[in-house]
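**Q** Quick one: this structure, given as structure tokens, is what I'll be asking you about.
The values are calculated or read from the model by the stated rules, or taken from the named source; none is laboratory data. None of the values given here were measured: they were computed from a predicted structure. A quick note on method: Cβ atoms are made from the backbone with ideal geometry, for glycine too, and the neighbour counts reach across all protein chains shown. Heavy atoms of the whole protein, side chains included, go into the accessibility calculation; ligands, DNA and RNA do not. Shrake-Rupley method; radii C 1.70, N 1.55, O 1.52, S 1.80 Å.
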Amino acid sequence: MMVQAAIAAPVLIAILLAAGGRLLPRPVVDAVATGTVLAVTVLLGIVLATALRHPVVTWLGGWPPHGGVSVGIPLVADPMSAGLALLVAVLTLAALVFSWRYLVEVQAIYHALMLLFTAAMCAFVLTGDLFDAFVFFELMSVIAYVLTGYKAEEPRTVHGALNFGVINSLGAYVTLMGIGLLYARTGQLGFAAMGARLPGQDHRLVTVAFALVCTGFLVKAATAPFHFWLADAHAVAPTPVCVLFSGVMVELGVYGVARTYWATFAGTVPGARPALAFLGAVTAVLGGVMCVLQRHVKRLLAYSSVSHVGVILLGVAALDHDSLAGAAYYLLGHAGVKSALFIAAGTLLNRFETLDERELHGRGLRMRASSAVFLVGGLGLAGMPPSGLWAGKAVMDEAAQRAGWWWAAPVGVVASALTAGAVLRVWLRVFRGVGPSGGGTAEHEDSETGPRMSRLPWTMLAPGVILAGGAVLLGLITGLLHGVSHAAGLFVDHDGYVAAVLSGGAWHAASAPLHPWTAAGLAGGAAGVVLAAVVAVLGLRHPVPGLLRPVVDRLRAAHSGHVGEYAAWLTAGVALFGLLLFTA
């Protein structure tokens, strides 16, 4: 019952807040929403502890399968899905605490939307039914569109929300077509039930279905060339919403690809490995380059998320237990660091009503907590030991080397150096006053909070400090690495998943985790930090070398903000992904 309660509780409270929240004082609304998410966090913590001993499978309405045929809807809480749902709840809790004093003009409908968003994300990762995953995916998306356009009186906000909504909706339609193909072929909609019937089917139809289903997830993950919407949305969404967008929502797209492959398509799509690896590598490098080119702090952090999601996808693409464990650990570290950086960016917006890096030159000298978050966050993104990003990347690199992917480690180092270098450049210029000033857009942005605060309250500082501090210490928690490895072992066991869901059979995992504390892992972390420092210093004086200006101009032109062009890129991306799957 705890799995169902963790999803149902925020939905019920959201309905009550939407109906009568306007009659309650703001502190009461804050307390109710935060208390609900805290309760969900506790419930999911218990579910995770139970799932570590034995995955929890619950059939809604008491409709279990008979003879391998499923007509019911399962909720499957294995350690990976339960842990990801718990991460959703923790980040929502941080976002709501930050909102107490940051968003003073919002109504109870904001809290209701945040609760529904949390429930939709948790249901998406916990469902064992592909069609219901699509339903919760769409519910999550619709709420995200509304949250992005919350300040609908501003044209920029409407534009960002429109791009977000159109592109993600198109991706969802493509996914629905893939689900239709699978249902026509298997007569089932559950991950496990379809996975039991796909072997022996026409491999061409199976490959097409995989490409279509995964397209919507890759759009949500902002994988190149589906990534164009992300920066437009992040630049205008309220800062607490960006905490969830970059911290976990985008990563759920990669989770959707991984769950769909291992639960349903495992072994039936030979081209999945190289196709996903290609998209992951291109996304990691392209996102890093676009990150360095930004001067708007939120857009910079958004492209950083694109780059690091590419690294996570590269880890998933190896289709290996150890590499998946590294990707999951990397995701944890990225969630903490990126959420903290967006919170720190929100403090800058509150104080100075601009997020232009050059206009902020030296104005953050007295903001010690925000300065520390940007410094620690930049070093964490660079892969400084013992951060979670470093530990995850070290494990992924070792698994990739064992698989013959010698190029994966350099791709990760380049992505880390570019994104971390951009963040450290912001720290040097804004919080230390280094480099030239002026030359920015001088664009005024309305504060998201209402009146400026001469002194920031602890509710706006503590969440970022705690998240950043926890993220850079993850590599020291040996037990967590063992737990993540165990979760990854269960996750990739296709036969065990099918047996556990359809017949209650045993679901075991081999868990002999790789360790990040190796010479190669430490060398990779050191290389990322050194190169990030070089990128930061060079970026202060020479933003774009003359020889690269034509390439940079073309990249900027491609990210035009025109939704029609983004839709064309999506169409091209579907064709490219299908071509890679068939020819790899």
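**Q** Going residue by residue through the range 119-142, is there one that turns out to be touching an Asp or Glu at 6+ places or on another chain (Cβ under 8 Å), outside any loop (DSSP other than H, G, I, E, B) and at pLDDT 95 or above? Please lay out each step first, then the result.
**A** If we filter the range 119-142 for residues that are touching an Asp or Glu at 6+ places or on another chain (Cβ under 8 Å), which is where we start, we get 123.
Subsequent filtering for residues that are outside any loop (DSSP other than H, G, I, E, B) retains 123.
Okay, now just the ones that are also at pLDDT 95 or above, so 123.
Yes, the range 119-142 contains at least one residue that is touching an Asp or Glu at 6+ places or on another chain (Cβ under 8 Å), outside any loop (DSSP other than H, G, I, E, B) and at pLDDT 95 or above.
**Q** Regarding ALA281, is this residue buried (at least 21 other Cβ atoms within 10 Å of the Cβ), touching a strand residue (DSSP E or B) at 6+ places or on another chain (Cβ under 9 Å) and under 24 Å from THR583 (Cα atoms)?
**A** Taking the combined requirement at face value, the residue does not satisfy it.
**Q** Identify the residue in the range 508-525 that is at pLDDT below 90 and surrounded by 19 or more Cβ atoms within 10 Å (Cβ to Cβ) and, among all such residues, is farthest from GLY435 (Cα to Cα).
**A** PRO513
**Q** On to the next question. Hey, among PHE191, PHE226, which residue is touching a Gly at 6+ places or on another chain (Cβ under 6 Å) and farther than 29 Å from MET290 by Cα? Walk me through how you get there before you give the answer.
**A** On the way: PHE226 fails: farther than 29 Å from MET290 by Cα.
Sole residue among the options that is touching a Gly at 6+ places or on another chain (Cβ under 6 Å) and farther than 29 Å from MET290 by Cα: PHE191.
**Q** Now a separate question. From the set of residues in the range 347-384 that are among the polar types (S, T, N, Q) and under 30 Å from GLY475 (Cβ atoms), which is surrounded by the fewest Cβ atoms within 10 Å (Cβ to Cβ)?
**A** It comes out as SER371.
**Q** It is to be established whether one or more residues within the range 526-542 are in contact with a Pro (Cβ under 6 Å, 6 or more places away or on another chain) and either touching a residue at least 40 places away in the same chain (Cβ under 8 Å) or open to solvent by less than 80 Å² (accessible area, probe 1.4 Å) (or both). Give the steps one after another, and end with the answer.
**A** Just the residues of the range 526-542 that are in contact with a Pro (Cβ under 6 Å, 6 or more places away or on another chain), to begin with: none.
Scanning the range 526-542, I find no residue that is in contact with a Pro (Cβ under 6 Å, 6 or more places away or on another chain) and either touching a residue at least 40 places away in the same chain (Cβ under 8 Å) or open to solvent by less than 80 Å² (accessible area, probe 1.4 Å) (or both), so the answer is no.
**Q** Shifting gears a bit: Kindly indicate whether LEU115 is under 23 Å from GLU251 (Cα atoms), open to solvent by less than 40 Å² (accessible area, probe 1.4 Å), in contact with a Leu (Cβ under 8 Å, 6 or more places away or on another chain) and not in a helix (DSSP H, G or I).
**A** Values: under 23 Å from GLU251 (Cα atoms): yes; open to solvent by less than 40 Å² (accessible area, probe 1.4 Å): yes; in contact with a Leu (Cβ under 8 Å, 6 or more places away or on another chain): yes; not in a helix (DSSP H, G or I): no.
Spelling it out, it is not the case that LEU115 is under 23 Å from GLU251 (Cα atoms), open to solvent by less than 40 Å² (accessible area, probe 1.4 Å), in contact with a Leu (Cβ under 8 Å, 6 or more places away or on another chain) and not in a helix (DSSP H, G or I).
**Q** For the range 157-179, indicate whether the set of residues that are over 25 Å from the mean Cα position of the chain (by Cα), farther than 20 Å from HIS494 by Cβ and without any contact (Cβ under 8 Å) to a residue 40 or more places away in the chain is non-empty. Spell out the reasoning first.
**A** From the range 157-179, those over 25 Å from the mean Cα position of the chain (by Cα) are none; that's our starting set.
No, the range 157-179 has no match at all.
**Q** Additional query: I'd like the residue in the range 562-577 that is part of a helix (DSSP H, G or I), over 16 Å from ALA277 (Cβ atoms) and of a type outside the set (A, V, I, L, M) and, out of all such residues, is most open to solvent (accessible area, probe 1.4 Å). Lay out the reasoning, then the answer.
**A** As a first pass, look at the range 562-577 and keep what is part of a helix (DSSP H, G or I): 563-577.
After this cut, where a residue has to be over 16 Å from ALA277 (Cβ atoms) as well, the list is 563-572, 574-575.
Pick out the ones that are also of a type outside the set (A, V, I, L, M) and you get 564-566, 569, 571.
Numbers: GLY564: 51, GLU565: 83, TYR566: 7, TRP569: 106, THR571: 90 Å².
Ranking the candidates gives TRP569 first.
**Q** List every residue pair whose Cβ atoms sit under 6 Å apart, with the two residues 6 or more apart in sequence or on different chains, where the first one lies in the range 324-336 and is touching a residue at least 60 places away in the same chain (Cβ under 8 Å) and the second, anywhere, is surrounded by fewer than 24 Cβ atoms within 10 Å (Cβ to Cβ) and small (Gly, Ala, Ser).
**A** If the second residue must be surrounded by fewer than 24 Cβ atoms within 10 Å (Cβ to Cβ) and small (Gly, Ala, Ser), the pairs left are GLY336/GLY470.
**Q** Can you tell me which of (1) buried (at least 24 other Cβ atoms within 10 Å of the Cβ); (2) touching a His at 6+ places or on another chain (Cβ under 7 Å) is the one ALA266 doesn't meet?
**A** Going through (1) buried (at least 24 other Cβ atoms within 10 Å of the Cβ); (2) touching a His at 6+ places or on another chain (Cβ under 7 Å) one by one, ALA266 breaks only (1).
**Q** In the list ALA196, ALA222, ALA235, ALA231, which residue meets the criterion of being among the small types (Gly, Ala, Ser) and part of a loop (DSSP other than H, G, I, E, B)?
**A** Working: ALA196 fails: part of a loop (DSSP other than H, G, I, E, B); ALA235 fails: part of a loop (DSSP other than H, G, I, E, B); ALA231 fails: part of a loop (DSSP other than H, G, I, E, B).
Only one candidate passes the filter, namely ALA222.
**Q** Quick one: how many residues across the range 96-112 are open to solvent by less than 30 Å² (accessible area, probe 1.4 Å) and in a helix (DSSP H, G or I)?
**A** Count: 9.
**Q** Now for a different question. What is the residue count in the range 137-148 for residues that are touching a residue at least 24 places away in the same chain (Cβ under 8 Å) and either farther than 16 Å from TYR255 by Cα or open to solvent by 50 Å² or more (accessible area, probe 1.4 Å) (or both)?
**A** Within the range 137-148, the first condition is being touching a residue at least 24 places away in the same chain (Cβ under 8 Å), and the residues that meet it are 137-138, 140-141, 143-144, 146-148.
Then drop every residue that is not either farther than 16 Å from TYR255 by Cα or open to solvent by 50 Å² or more (accessible area, probe 1.4 Å) (or both), which leaves 143-144, 146-148.
So the count comes out to 5.
**Q** Give the residues of the range 411-435 that are open to solvent by 40 Å² or more (accessible area, probe 1.4 Å) and modelled with pLDDT of 95 or more, sorted by residue number.
**A** VAL414, TRP427
**Q** Select from the range 63-85 the residues that are at negative phi and open to solvent by 40 Å² or more (accessible area, probe 1.4 Å) and write down the one among them that is nearest to the chain's Cα centre (by Cα). Quick ask: steps written out before the conclusion?
**A** Of all residues in the range 63-85, those at negative phi come to 63-66, 69-85.
Restricting the remaining residues to those that are open to solvent by 40 Å² or more (accessible area, probe 1.4 Å) gives 63-64, 66, 69, 71, 73.
Values: TRP63: 33, PRO64: 32, HIS66: 36, VAL69: 34, VAL71: 31, ILE73: 26 Å.
Checking each candidate, the answer is ILE73.
**Q** In the range 91-101, is there at least one residue being farther than 17 Å from LEU244 by Cβ and small (Gly, Ala, Ser)?
**A** Our first condition is that a residue be farther than 17 Å from LEU244 by Cβ; within the range 91-101, this holds for 101.
After this cut, where a residue has to be small (Gly, Ala, Ser) as well, the list is none.
No, the range 91-101 has no match at all.
Residues are listed down the side, and each one gets a yes or a no for (1) at pLDDT 90 or above; (2) crowded, with 19+ Cβ neighbours inside 10 Å; (3) farther than 21 Å from VAL426 by Cα:
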site: SER437; (1), (2), (3): no, no, no
site: THR441; (1), (2), (3): no, no, no
site: GLY450; (1), (2), (3): no, no, yes
site: MET453; (1), (2), (3): no, no, yes
site: LEU456; (1), (2), (3): no, no, no
site: VAL465; (1), (2), (3): yes, no, no
site: LEU474; (1), (2), (3): yes, yes, yes
site: GLY479; (1), (2), (3): no, no, yes
site: LEU490; (1), (2), (3): yes, yes, yes
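**Q** Could you list, in sequence order, all residues of the range 229-263 that are in contact with a strand residue (DSSP E or B) (Cβ under 9 Å, 6 or more places away or on another chain) and either within 16 Å of ALA487 (Cα to Cα) or among the polar types (S, T, N, Q) (or both)?
**A** ALA263
**Q** Something else: Working only within the range 244-273, note down all residues that are part of a loop (DSSP other than H, G, I, E, B), in contact with a helix residue (DSSP H, G or I) (Cβ under 7 Å, 6 or more places away or on another chain) and over 19 Å from ALA192 (Cβ atoms).
**A** GLY271, the sole residue that qualifies.
**Q** Among the numbered conditions (1) open to solvent by 10 Å² or more (accessible area, probe 1.4 Å); (2) touching a strand residue (DSSP E or B) at 6+ places or on another chain (Cβ under 9 Å); (3) under 25 Å from LEU91 (Cα atoms), tell me where PHE134 comes up short.
**A** (2)
**Q** Would you mind finding the one in LEU60, LEU48 that is open to solvent by 10 Å² or more (accessible area, probe 1.4 Å), over 22 Å from ALA196 (Cα atoms) and in contact with a Gly (Cβ under 8 Å, 6 or more places away or on another chain)? Let's see the steps before the verdict.
**A** Working: LEU60 fails: over 22 Å from ALA196 (Cα atoms).
Just one listed residue meets the conditions, LEU48.
**Q** Pull out all pairs, ordered by first then second residue, where Cβ-Cβ is under 7 Å, the residues are six or more apart or on different chains, the first lies in the range 569-584 and is closer than 15 Å to ILE167 by Cβ, and the second is open to solvent by less than 60 Å² (accessible area, probe 1.4 Å) and not in a helix (DSSP H, G or I).
**A** TRP569/PRO225; LEU570/PHE226; ALA572/PRO225; GLY573/PRO225; GLY573/PHE226
**Q** Right, something else. Here's a check for you: in the range 547-561, which residue that is of a type in the set (A, V, I, L, M) and surrounded by 11 or more Cβ atoms within 10 Å (Cβ to Cβ) is nearest to VAL282 (Cα to Cα)? Give the derivation first.
**A** Initially, the range 547-561 is screened for residues of a type in the set (A, V, I, L, M), giving 547-548, 551-552, 555, 557-558.
Now restrict to residues that are surrounded by 11 or more Cβ atoms within 10 Å (Cβ to Cβ): 548, 551-552, 555, 558.
Numbers: LEU548: 18, VAL551: 16, VAL552: 16, LEU555: 14, ALA558: 15 Å.
Selected residue: LEU555.
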